[in-house]
Amino acid sequence: MVLHLIMFSALAFDNMMVLRDKEDQRIEIIADIVGENLKTNGWNNILCFGHLPDNFYKKVKNLNLTFSISNIDVDDDYYVEDAVPYHSNVVIIDCLNFEQFEDVMTKVVSLPYWHPLSHVILYYHTIEDKKMTAKLFYILWYYKAINAIIIQYNDLEDLFLVSYYNPYISEHYQLKYVYGCRMTKKIGMPFDNFETGFSCEEGCEKLPIYSKIRTNFFGTCLGYDTFSFYYNDTAVLRNVNLFENKVRNFHGYPLRAFGVEVLPFLEIRNHSDGTYTLHKRDAMIWNTMSEIMNFTINLSPAEGKIKKPFDYDLNIQMNFDFSNRKFDLFLFPVYLFDLVIVHVDYTFPYKESGVCFLAHRADFETILFDVKLLLNNINLVVQFLLCLLCSWFVFFIFNMEQRGSISFDQAGKDFVNTVRLILSIGLYNPPKRNSFRIYLSISLWCFFVLNFSTQAAIISFFSASKRGKEVDTYDDIVQKGYLVEGMASPDVILPDDKEVFRTINSRMVPNKDLFGCVNKMNNDTRRFCLLDCAVSKYLERNKMNEKGQQFLHVAKDRAHSHYLNMILQKNSAITEIYNKYVLAIVEAGLVTKWEQYRYNDIKEEAPVRPMGWEDVEGIYKCYILFLVLSFIIFTCEVSIAVLVKIKNHFFKKIKQWRKHTTKRHKDK
């Protein structure tokens, strides 16, 4: 009996030693996987969850990394107050079976050292069937662990089983095992447990791209593959990329996207075959990314909303749907101040902006002679008259010295020479005294119509001196008292720390349509639009009215400095690659190039037309006015001459009558 006990004990001891040796082999393999797949991303921590043997830590201690160790048993943890989140390069989860897996995942994702983009290694001690393995991967995908593998083992055959997965499976790319997985409750609702909360079925026939299961139940077509090798044949690990970067090549996977047409920055063209193509600046960003990462864009989440005006309320709702992973991409950008969403990543900013006031450009004066305008430019008028008088005086003094006498006739000739000098009008023969009034009319006509330099000076005077004051400050806006319209975002409202801000905010009228206020400004100059500065400056340069004129003006005062960002889901695997390429795009100046020069085609918006009466009306008003003055002067001169002749004739008749009367008296 004693002998049997001794033999049984020895056999049990031998089996224990064999199991321990096999466990040591498995642990060494896991340590090798950790060492060969470290990411060079600056994350210098390894999170170990579960009861990993000491041999593991001895094996990886030469990696020069820090270790965070935790377990399901709360008593085994040291309480750390206000622990700083320290992303782990590798997360190793030691788990016995599916029942324990729920407790493990629930706690591990709550640790400050967990990060879904880490290399997650699930060391699973039970060999599950294919459907349960797919379910394990889907739960990892629910927690966004895209770089995850499951390690299982078979000690009876000394086999090591390693499984890896990809959530982006389509007809263009598949792995060995394909399963359609989904949540049993809608996104956002709490599930009871892992067993009933998640479901997987073989094949993806029930999960087409337009399926509501994808939208409401986080449905996905998931594929995985498993390869096995013996404990002593670890060389196979070098031939398999266990943590392949899945977003570097989507293999044509259709990412579901939401986007509405926001001209001029995002144009969505609907073709006769039912497909869509994206154009303009924001579309070029996504088109470039789709080529780089090899994915396609599916606009099914935006069906029926694509061509509708930009609605801010809809934008908010779709932002939250996007953060809850109801679709994959958000095509048009948002600003950091617009919404505080904790479940999204803000990408690399490609436009610096703020909140600006868009006003109507100051019009030209339509009244040719305005007393107020004349008073504002009285210095210019006085300078011109003094110049004319001084030049005339020079001619007058010169001729007086030459002739030795003062003559009013010569003073008139000096005035003609002065006008001729100022106008640069060269006449072959000096004007005669009898033709002075004719020359005066011709010279005035030449002054306003023929002489190029004079016309240029007049045009410059009308375009620059007669322009009204632009609205540039908050005080100007308050003084005008016009209607103020802005986006229906509470963050667009100006700060409440100044009286001028409170006055403007009290006049604010919310507008859901992004360009609704701008379109109204075509026919209404008595309004202001509170809009993003980058958009406002683009519209100021490129948006024309029906006459082909730039009619918008951006005030210099601005508020809420911010940056233009695309958004991706929180801890998205796309963010790193997206930022890398957008940074290169911005540095190359392509974003600016993609902002087309014109708001619309110039041939459609501002066709070339001949000059109309309104273009030269001001000059001809001047011409007609001086022509009228010349005619009045001419009439006065003719009238004076006629009166003089009548007077002379009358005096001659009187003289003759007197002479005849005197003669008659003498004869008598």
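Would you check which residues across the stretch 75-94 are farther than 22 Å from residue 243 by Cβ and either modelled with pLDDT of 85 or more or open to solvent by 100 Å² or more (accessible area, probe 1.4 Å) (or both) and list them? Of everything in the stretch 75-94, those that are farther than 22 Å from residue 243 by Cβ and either modelled with pLDDT of 85 or more or open to solvent by 100 Å² or more (accessible area, probe 1.4 Å) (or both) turn out to be 75, 78, 79, 81, 82, 84. Cβ-Cβ distances below 9 Å connect the following pairs, each with a first residue in the stretch 298-316 that is closer than 15 Å to residue 268 by Cβ and open to solvent by 30 Å² or more (accessible area, probe 1.4 Å), a second residue that is part of a strand (DSSP E or B) and at pLDDT 85 or above, and a separation of six or more residues or different chains: 305/258; 307/268; 307/270. Against the definition (surrounded by fewer than 19 Cβ atoms within 10 Å (Cβ to Cβ), part of a strand (DSSP E or B) and modelled with pLDDT of 75 or more), how does residue 562 come out, yes or no? So residue 562 does not fit the description; no.
With respect to (1) within 28 Å of residue 536 (Cα to Cα); (2) outside any loop (DSSP other than H, G, I, E, B); (3) aliphatic (A, V, I, L, M), the lone exception for residue 306 is condition (2).
Table: residues versus (1) at pLDDT 80 or above; (2) more than 44 Å from the chain's Cα centre (by Cα).
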residue: 337; (1), (2): no, no
residue: 349; (1), (2): yes, no
residue: 355; (1), (2): yes, no
residue: 359; (1), (2): yes, no
residue: 366; (1), (2): no, no
residue: 374; (1), (2): no, yes
residue: 399; (1), (2): no, yes
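Does residue 573 meet the test of being touching a residue at least 24 places away in the same chain (Cβ under 8 Å), more than 19 Å from residue 350 (Cβ to Cβ) and not β-branched (Val, Ile, Thr)? Judged against the criteria, residue 573 is a match. Listed by first and then second residue, the pairs linking a residue in the stretch 35-49 that is part of a loop (DSSP other than H, G, I, E, B) to a residue that is among the hydroxyl-bearing types (Ser, Thr, Tyr) and open to solvent by less than 30 Å² (accessible area, probe 1.4 Å), with Cβ atoms under 6 Å apart and 6 or more places separating them unless they lie on different chains, form an empty list. Just need a number here: residues in the stretch 524-552 that are at pLDDT 85 or above and more than 27 Å from residue 481 (Cβ to Cβ). Final tally of qualifying residues: 0.
Residue-wise test of (1) farther than 30 Å from residue 357 by Cβ; (2) part of a helix (DSSP H, G or I); (3) modelled with pLDDT under 80; (4) open to solvent by less than 80 Å² (accessible area, probe 1.4 Å).
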{"site": "571", "(1), (2), (3), (4)": "yes, no, no, yes"}
{"site": "608", "(1), (2), (3), (4)": "yes, no, yes, no"}
{"site": "611", "(1), (2), (3), (4)": "yes, no, yes, no"}
{"site": "617", "(1), (2), (3), (4)": "yes, yes, yes, yes"}
{"site": "637", "(1), (2), (3), (4)": "yes, yes, yes, yes"}
{"site": "650", "(1), (2), (3), (4)": "yes, yes, no, no"}
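For residue 555, the test of being modelled with pLDDT under 80, in contact with a strand residue (DSSP E or B) (Cβ under 7 Å, 6 or more places away or on another chain) and surrounded by 11 or more Cβ atoms within 10 Å (Cβ to Cβ) is failed. Among the residues of the stretch 250-270, just one is more than 27 Å from the chain's Cα centre (by Cα) and open to solvent by 40 Å² or more (accessible area, probe 1.4 Å), namely 251.
Do we have residue 322 as of a type outside the set (Gly, Ala, Ser), open to solvent by less than 10 Å² (accessible area, probe 1.4 Å) and either modelled with pLDDT under 90 or assigned to a helix (DSSP H, G or I) (or both) here? So residue 322 fits the description; yes.
So if I check each of 127, 150, which one is in a strand (DSSP E or B), free of Cβ contacts under 8 Å to residues at least 60 places away in the same chain and either open to solvent by less than 50 Å² (accessible area, probe 1.4 Å) or among the hydrophobic types (A, V, I, L, M, F, W, C) (or both)? Even if it seems obvious, please write down each step before you answer.
Details: 127 fails: in a strand (DSSP E or B).
Exactly one residue qualifies, and that residue is 150.
Filter the stretch 238-256 down to the residues that are outside any loop (DSSP other than H, G, I, E, B) and modelled with pLDDT of 90 or more, then identify the one that is farthest from residue 226 (Cα to Cα).
256
Among the residues here, residue 173 does not qualify as out of contact with any His (no Cβ under 7 Å at 6 or more places or on another chain) and of a type in the set (Ser, Thr, Tyr).
Checking each residue in the stretch 573-606 for being at pLDDT below 85 and either in a helix (DSSP H, G or I) or among the aromatic types (Phe, Trp, Tyr) (or both) picks out 592, 593, 594, 597, 599, 602, 603, 604, 605.
The values are calculated or read from the model by the stated rules, or taken from the named source; none is laboratory data. All values reported here derive from a predicted model rather than from experimental measurement. FYI the Cβ positions are ideal-geometry reconstructions off the backbone, even for glycines, and counts take in every protein chain you see. Just so you know, the surface numbers come from the protein's heavy atoms only, side chains and all, with ligands and any DNA or RNA stripped out. Shrake-Rupley method; radii C 1.70, N 1.55, O 1.52, S 1.80 Å.
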